[in-house]
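Visitor: Starting off with a structure, shown below.
What follows is calculated from the coordinates using simple rules that are stated; it is not laboratory data. These numbers were taken from a predicted model, which means no experiment stands behind them. Methodologically, a virtual Cβ is constructed for each residue, glycine included, from the backbone with ideal geometry; neighbour enumeration extends over all protein chains shown.
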Amino acid sequence: MSVALIESHYLPCIEYFTATLTCDKLMLECHENYQKQSYRNRCRIMTANGVQELSIPIKKTGDKIKISAAKIDYQQKWVKDHWRTIRTAYGNAPFFEHFGGYFEEIYLQEHQYLLDLNTALLKLCYKLMGIKMPMEKTSDYLTNPAGNIVDFRSRIHPKKPSEIHQFYKPCNYNQIFGKKFVGNLSIIDLLFCEGPYAYQILLKSKP
């Protein structure tokens, strides 16, 4: 059984899913240090004004912390802002009415830790696409992963264009805004626009 070892992302981009679909099981990295300016706490969606980045505020600490210890800062009203932006962007999308409530329910739970929120959203995305992906968390940091483990850690990053990777090939689908297709947005763009066909788009997005 092949295992995809990868860090936790907030509403991951499509590339995250095409990468993990090459394996039989997903292992979330829970013992790395939290990294700023990465997809761990941010995602990209399409709005009427173009691509917009949503970022979850993390409570500041003076030292490096593990991703499992990164706490979400709810003193900032990010939940209301994120959900309003998502609802405004995708409220008229074909499948927002079907899927939107599931996401809103998770946001309202106010998870204390970023890892817990990301994991809940990730599991939901797999479920809505009808993908059965066994998932577990690492018990320690794997410096030298076993031979059956494919190490995707830090390979999907905002500053690393997806085109350089071998596990994602943009496949056009009907988006809400703009005449020019934008690839590799958050998986919610694909889910709200294509619904049950999202899985087929993912398969076509694998090289």
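Visitor: How would Tyr197, Tyr168, Tyr74 line up from fewest to most surrounding beta-carbon atoms within 10 angstrom?
Guide: The fewest-first ordering by Cβ neighbours comes to Tyr74, Tyr197, Tyr168.
Visitor: Once you have the Cα-Cα distance between Asn174 and Arg84, take 0.36 nm times their residue separation minus that, and quote the gain in nm to one decimal.
Guide: My answer for the length gained is 30.2 nm.
Visitor: Considering all alpha-carbon pairs of the chain, what whole percent are spaced by more than 31 angstrom?
Guide: Of the Cα pairs, 14 percent sit more than 31 Å apart.
Visitor: Could you list Lys66, Lys159 so that the one with the fewest beta carbons within 10 Å of its beta carbon is first and the one with the most is last?
Guide: Lys159, Lys66
Visitor: If you place +1 on the Cβ of every Lys and Arg, -1 on the Cβ of every Asp and Glu, and leave all else neutral, what size is the dipole of the range 3-204 about its Cα centre, to the nearest 20 Debye?
Guide: The dipole of the range 3-204 has a size of about 440 debye.
Visitor: Could you pull out every one of the lysines with an alpha carbon less than 18 Å from that of Lys66, ignoring same-chain neighbours closer than 8 positions?
Guide: Within the straight-line limit of under 18 Å, Lys66 reaches these lysines: Lys36, Lys137.
Visitor: Additional query: Determine the shape class of the range 84-199: with a ≥ b ≥ c the square roots of the Cα gyration tensor eigenvalues, call it rounded for a/c under 1.5, and otherwise prolate if a/b is greater than b/c, oblate otherwise.
Guide: oblate
Visitor: Going by how many other beta carbons lie within 10 Å of each one, how would you line up Ile201, Ile187, fewest first?
Guide: Ile201, Ile187
Visitor: May I ask for the net charge around Leu5, where only other residues with Cβ less than 12 Å from the Cβ of Leu5 are counted and Lys, Arg are +1 while Asp, Glu are -1? Mind dumping the intermediate values first?
Guide: Working: positive: Lys25, Lys137, Arg153, Arg155; negative: Glu7, Glu29, Glu32, Glu136, Asp151.
So the environment of Leu5 carries a net charge of -1.
Visitor: Between the range 180-194 and the range 95-154, what is the separation of their alpha carbon centroids in Å?
Guide: Their Cα centres are 18 Å away from one another.
Visitor: Starting from one equal scatterer on each C-alpha and no solvent at all, send me the Debye-based log10 I(q)/I(0) for the range 148-207 at q = 0.18 Å⁻¹, two decimals.
Guide: Listed by q, the Debye log ratios stand at -0.72.
Visitor: Can you find, among Tyr168, Gly147, Leu121, the residue farthest towards the positive end of the dipole of the chain? Put +1 on the C-beta of Lys and Arg, -1 on that of Asp and Glu.
Guide: The listed residue farthest towards the positive side: Tyr168.
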